[in-house]
Amino acid sequence: MTTVASGVARKKKVTPSAILIRASMIFIIAVAVYWLGLNLTNDPRQFAQVTVNGLNNGLLYALIALGYTLVYGIIELINFAHGDLFMLGAVFSFAVLTEFLGAQSPSATNYALLLLVLLLTMLFGAFVNVSIERLAYRKLRNAPKLAPLITAVGMSFVLQWVGLKWIGSNPVNVNTVLPSTSFELAGVVIGFKTVIIFAITIPLLIVLAYIVNKTKRGRAMRATAQDKDASRLMGIDVNKTITFTFAIAGAAAGAAGIMWAQTTGTVAYNLGFQLGLIAFTSAVLGGVGNLYGAVLGGIIIGLIQSYNDGLAIGPGQRWSQTMVFTILILLMVYRPGGLLGETAQEKV
Amino acid sequence: MSNTAPAHTAASSNKKWALGFTGVVAFFFIMNKFILPEAPRGIQTFFNNWFSLTSMAEIMIWILMALGLNIIVGYAGLLDLGYVAFWALGGYVAGWLMSPFFSGISLNFFGNPREGFEFGIHFHVFLVLILGGVFTAIWGIIIGGPTLRLKSDYLALVTLGFGEIIPQFMINGADIGGVNVTNGSQGIGGLDDVNLFGYVIGTFAIPEKFLMVSLMAGAMIFFSIRLRDGRLGRAWLAIREDELAASMMGVPLWRTKFASYAIGAVGGGIGGVGFAILVGGVYADRFNFVISIIILAMVVLGGMGNVWGVVVGAVVLAWINSVGLIQVGNLVNNTFGTDINFPSYQFLLFGLLLVLMMLFRREGFIPEARIRMVMDEEKTEEEKVSDETKIASK
């Protein structure tokens with residue numbers, strides 16, 4: 001045993017399995033590019049149309065994915081309940097805006113009500129998320145990892161039950177306040193709903209990015225995510241910071257909920273499970289813990305799903321979920337760190 | 001290794017349990033086969049309402065499932081959130097190999113096809129059980145393969161992904177490149193009757209079917225206990241408690257984890273075959289995420305890693321799920337004149353159960369001594385502080 005000189009990087013061994021993994025990755029990407037190219041040349045206009053639809057969904061996914069990524073970044077917990085929080089946000093907005101305030105058609109006052117209820121829903125989401133953290137996750141922060149994860153799954157069931165009791169087991173139609181009119185841009189039909197989604201989600205994303213990157217609270221969040229003990233020594237109130245993170249994540253989920261209810265026009269109690277998984281895949285795709293990664297991942301997943309569902313040459317809508325989960329599994333095999341994240345390594 | 005004394009006591013207590021299990025199974029079998037048809041009407045309805053044999057047989061399937069998952073979650077400490085995939089795969093193996101479904105092929109290997117349905121594949125039930133186990137074991141390795149180098153929470157997610165993909169494939173599988181693989185959401189019905197050395201168990205012979213799945217569950221209990229005390233089982237426990245330390249002690253991490261996935265999957269596969277035989281077919285709609293979580297709740301409730309704890313957890317939750325919630329609901333509604341829809345509280349019940357167990361009794365109701373030690377190893381800060389203040393006040 002000779003001593004290994006420190007500082008000298010040892011050459012990485014290139015194993016056959018590594019080559020195989022790399023080759024199969026390139027093959028999969030090539031197939032995907034070929035598929036998209038085939039569709040683009042086949043019908044460019046439809047391709048553009050599907051792209052717009054994909055962006056529309058992708059932004060909503062991004063909003064939900066942000067919540068996952070923020071929470072994972074700070075306490076390394078996959079918050080399974082987050083998707084159901086989004087569902088509760090949608091249900092809450094339906095109950096308040098559509099039922100209680102009776103805003104069921106496009107008009108100026110209803111737009112104002114929409115903005116008001118958007119704020120309320122965000123508050124509601126923040127409140128629910130913070131209570132969950134306070135009641136359940138906080139006690140388990142130092143427990144083995146299995147414990148908070150199972151707790152999160154349980155919480156997800158509890159939230160689903162609340163949704164079930166609130167609106168019943170069947171999907172409910174929402175009379176949306178957003179106009180269903182649309183305009184045409186270079187042959188592509190763009191609905192006003194899409195425009196409004198862009199107009200609301202993009203500023204929200206910018207505000208979130210600002211909070212995390214520029215404010216004192218945001219700096220505390222990033223510090224806590226890196227090292228809880230060190231940040232405690234630096235005078236950061238770790239508990240308060242984590243509560244704040246959950247509040248932001250919940251608010252984003254609430255906003256996504258109301259936007260979903262208003263644009264798709266349906267709310268169901270089991271909405272959260274599927275969308276939560278899609279959003280989590282987005283977060284992982286972008287690199288979990290990375291804010292911009294979540295947005296990028298959300299948009300990419302939205303696009304892929306939309307291409308899969310809408311393009312003439314493709315597997316079609318019934319494989320939509322399978323597609324998303326396949327991406328998730330492939331990611332885990334090839335790039336567990338995500339697109340923008342560092343390669344995740346098991347901490348010992 | 002000279003600690004033979006505790007191993008001995010464990011073995012003798014296991015024998016008692018095995019006797020108890022056999023006794024319970026025999027009681028229900030004899031009760032339903034011979035006594036109930038002669039019994040007065042009141043007793044008959046009581047038994048059929050609270051302990052109907054169909055639900056008892058299903059409970060045995062749940063025990064199989066929970067013990068299979070227990071090998072992955074309880075023994076090896078790998079969280080699997082898509083266990084329902086193995087149930088589905090095992091069920092479809094039975095559907096493919098014991099029914100006239102593949103009408104283009106005609107293959108009879110000691111099978112027992114119904115009259116007029118001789119086409120399709122008909123294998124002997126033992127062979128189907130073995131093939132179902134092998135098939136799911138292979139899938140366990142396929143699912144485990146990409147995930148075992150990941151962190152535990154990512155692993156949970158990938159298994160969940162597979163747990164969604166495989167049932168979805170079954171639902172969409174009526175047309176895979178023009179071939180009908182799974183018959184879509186209609187499922188595969190009309191499975192062959194089981195023929196055991198000339199003794200045919202008919203479609204409606206519930207007591208015999210109950211006996212059959214009980215035997216399977218009993219075998220699973222036996223293997224679970226034996227595996228745990230063996231070399232592989234101890235390697236699993238070592239990995240669960242400290243992966244790094246285990247690998248330093250010479251436990252091959254990859255191989256051991258693969259083994260846990262493969263063997264854990266076998267439980268699901270065999271249970272899937274048994275369930276398919278029990279209901280006489282395999283239907284894709286049944287296999288959803290809720291099932292995975294219910295199985296997980298069984299393992300958590302009873303006590304991860306402890307075979308008898310898991311069995312009790314499976315029995316209690318499966319019973320609550322199939323008859324308990326409805327019957328208790330009826331009882332409460334009738335006595336108090338209320339009108340509460342008890343089955344609709346299923347989600348709340350299972351969700352709260354998971355949360356409360358994790359918060360207040362992480363080791364389960366019948367904990368294994370070792371897991372109690374691990375689960376209580378680290379206290380939260382509040383607890384630490386309160387401990388300190390307690391000591392200070394003394």
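The values are calculated or read from the model by the stated rules, or taken from the named source; none is laboratory data. Note that the coordinates shown come from a computational prediction; the quantities given were computed from them, not determined experimentally. FYI the Cβ positions are ideal-geometry reconstructions off the backbone, even for glycines, and counts take in every protein chain you see.
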Positions within region B:353-380 being exposed (fewer than 14 other Cβ atoms within 10 Å of the Cβ) and either of a type in the set (S, T, N, Q) or modelled with pLDDT of 75 or more (or both), in sequence order: B:L356, B:F360
Qualifying residue in region B:262-280 (condition: outside any helix (DSSP H, G or I) and either at pLDDT 80 or above or out of contact with any Asp or Glu (no Cβ under 9 Å at 6 or more places or on another chain) (or both)): yes
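Which one is farthest from B:M216 (Cα to Cα), of the residues in region B:281-294 that are part of a helix (DSSP H, G or I) and in contact with an Asp or Glu (Cβ under 9 Å, 6 or more places away or on another chain)? Quick ask: steps written out before the conclusion?
At the first step, the residues of region B:281-294 found to be part of a helix (DSSP H, G or I) are B:284-286, B:289-294.
This time we only want the ones that are in contact with an Asp or Glu (Cβ under 9 Å, 6 or more places away or on another chain), so: B:289, B:292.
Numbers: B:F289: 24, B:S292: 20 Å.
So, considering only residues that are part of a helix (DSSP H, G or I) and in contact with an Asp or Glu (Cβ under 9 Å, 6 or more places away or on another chain), the one farthest from B:M216 (Cα to Cα) is B:F289.
Of all the residues that make up region A:105-139, how many are within 13 Å of A:A81 (Cβ to Cβ) and facing chain B (nearest Cβ under 9 Å)? Even if it seems obvious, please write down each step before you answer.
Within region A:105-139, the first condition is being within 13 Å of A:A81 (Cβ to Cβ), and the residues that meet it are A:125, A:128-133, A:135-137.
From the residues that got through so far, the ones that are facing chain B (nearest Cβ under 9 Å) too are A:135-136.
Residues in region A:105-139 being within 13 Å of A:A81 (Cβ to Cβ) and facing chain B (nearest Cβ under 9 Å): 2 in total.
Can you tell me which residue in region A:1-39 is nearest to A:G314 (Cα to Cα), limited to those that are of a type in the set (A, V, I, L, M, F, W, C) and at pLDDT below 80?
Looking only at region A:1-39, we keep the residues that are of a type in the set (A, V, I, L, M, F, W, C), and these are A:1, A:4-5, A:8-9, A:14, A:18-21, A:23, A:25-33, A:35-36, A:38.
So of that shortlist, the ones also at pLDDT below 80 come out as A:1, A:4-5, A:8-9, A:14, A:18, A:21.
Details: A:M1: 57, A:V4: 53, A:A5: 54, A:V8: 50, A:A9: 46, A:V14: 36, A:A18: 30, A:I21: 25 Å.
So, considering only residues that are of a type in the set (A, V, I, L, M, F, W, C) and at pLDDT below 80, the one nearest to A:G314 (Cα to Cα) is A:I21.
Let's see how each residue does on (1) at pLDDT 80 or above; (2) surrounded by fewer than 24 Cβ atoms within 10 Å (Cβ to Cβ); (3) touching a Leu at 6+ places or on another chain (Cβ under 9 Å):
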| residue | (1), (2), (3) |
| --- | --- |
| B:N112 | no, yes, no |
| B:H124 | yes, yes, no |
| B:L127 | yes, yes, yes |
| B:A137 | yes, yes, no |
| B:I142 | yes, yes, no |
| B:L148 | no, yes, yes |
| B:D153 | no, yes, yes |
| B:G163 | yes, no, yes |
| B:G173 | no, yes, no |
Residues satisfying the stated conditions in region B:98-127, i.e. in contact (Cβ under 8 Å) with a residue 60 or more places away in the chain and in a helix (DSSP H, G or I): B:V125
Hey, A:F192 loosely packed, with under 14 Cβ neighbours inside 10 Å and more than 14 Å from every other protein chain (Cβ to nearest Cβ) or not: no
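Which of the following residues is touching a helix residue (DSSP H, G or I) at 6+ places or on another chain (Cβ under 9 Å) and within 14 Å of chain B (Cβ to nearest Cβ): A:A90, A:A143, A:A95? Before the answer, list the steps.
Values: A:A90 fails: within 14 Å of chain B (Cβ to nearest Cβ); A:A95 fails: within 14 Å of chain B (Cβ to nearest Cβ).
That would be A:A143, the only listed residue that is touching a helix residue (DSSP H, G or I) at 6+ places or on another chain (Cβ under 9 Å) and within 14 Å of chain B (Cβ to nearest Cβ).
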Counted residues, region A:258-304 - those being away from chain B (no Cβ under 14 Å), surrounded by 24 or more Cβ atoms within 10 Å (Cβ to Cβ) and either more than 14 Å from A:L66 (Cα to Cα) or in contact with a strand residue (DSSP E or B) (Cβ under 9 Å, 6 or more places away or on another chain) (or both): 6
Considering residues of region B:47-103 that are within 28 Å of A:I150 (Cα to Cα) and among the hydroxyl-bearing types (S, T, Y) only, the residue nearest to the chain's Cα centre (by Cα): B:Y83
Single condition B:Q44 does not satisfy, out of (1) modelled with pLDDT of 85 or more; (2) in contact with a helix residue (DSSP H, G or I) (Cβ under 9 Å, 6 or more places away or on another chain): (1)
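Conditions (1) within 19 Å of the chain's Cα centre (by Cα); (2) crowded, with 21+ Cβ neighbours inside 10 Å; (3) modelled with pLDDT under 85, marked per residue:
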residue: A:M122; (1), (2), (3): yes, yes, no
residue: A:V130; (1), (2), (3): yes, no, no
residue: A:L149; (1), (2), (3): yes, yes, yes
residue: A:S156; (1), (2), (3): yes, yes, no
residue: A:S169; (1), (2), (3): no, no, yes
residue: A:P179; (1), (2), (3): no, no, yes
residue: A:V212; (1), (2), (3): yes, no, yes
residue: A:R219; (1), (2), (3): no, no, no
residue: A:M234; (1), (2), (3): no, no, no
Checklist (1) under 17 Å from the mean Cα position of the chain (by Cα); (2) away from every other protein chain (no Cβ under 14 Å); (3) crowded, with 21+ Cβ neighbours inside 10 Å applied to B:L191, failing item: (1)
Residues located in region B:213-231, provided they are out of contact with any helix residue (DSSP H, G or I) (no Cβ under 7 Å at 6 or more places or on another chain) and closer than 14 Å to B:L129 by Cβ: B:L215, B:A219, B:F223
Flag for B:Q346 being surrounded by fewer than 19 Cβ atoms within 10 Å (Cβ to Cβ), farther than 19 Å from B:A217 by Cα and within 12 Å of chain A (Cβ to nearest Cβ): yes
Subset of region A:181-215 (residues that are part of a helix (DSSP H, G or I) and more than 28 Å from A:S107 (Cα to Cα)): A:L208, A:A209, A:Y210, A:I211, A:V212, A:N213, A:K214
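The rows are residues; the columns are (1) outside any helix (DSSP H, G or I); (2) in contact (Cβ under 8 Å) with a residue 12 or more places away in the chain; (3) surrounded by fewer than 24 Cβ atoms within 10 Å (Cβ to Cβ).
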position	(1), (2), (3)
A:L115	no, no, yes
A:R138	no, yes, yes
A:N142	yes, no, yes
A:W161	no, no, yes
Single residue of B:N321, B:N334 found to be under 22 Å from B:M56 (Cβ atoms) and of a type in the set (S, T, N, Q): B:N321
Selection count, region A:28-76, where residues are within 18 Å of A:V189 (Cβ to Cβ) and not in a helix (DSSP H, G or I): 1
Members of region B:256-297 found to be away from chain A (no Cβ under 14 Å), under 13 Å from the mean Cα position of the chain (by Cα) and of a type in the set (A, V, I, L, M), listed by number: B:I263, B:A265, B:V266, B:I270, B:V273
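Looking only at residues that are among the β-branched types (V, I, T) and over 17 Å from the mean Cα position of the chain (by Cα) in region A:40-73, which one is modelled with the lowest pLDDT? Steps first, answer last, please.
Here is the first cut: in region A:40-73, the residues among the β-branched types (V, I, T) are A:41, A:50-52, A:64, A:69, A:71.
The next check asks that each one be over 17 Å from the mean Cα position of the chain (by Cα); those that pass are A:41, A:50-52.
Values: A:T41: 79, A:V50: 85, A:T51: 86, A:V52: 85.
Ranking the qualifying residues of region A:40-73, first place goes to A:T41.
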Hits in region B:301-326 - residues which are at pLDDT below 85, crowded, with 24+ Cβ neighbours inside 10 Å and assigned to a helix (DSSP H, G or I): B:L301, B:G302
Residues that are in contact with a Gly (Cβ under 7 Å, 6 or more places away or on another chain) and either surrounded by fewer than 23 Cβ atoms within 10 Å (Cβ to Cβ) or more than 21 Å from A:L303 (Cα to Cα) (or both), drawn from region A:57-78: A:Y72, A:G73
Test: residue in region B:160-176 that is within 14 Å of chain A (Cβ to nearest Cβ), part of a helix (DSSP H, G or I), in contact (Cβ under 8 Å) with a residue 24 or more places away in the chain and more than 23 Å from the chain's Cα centre (by Cα): no
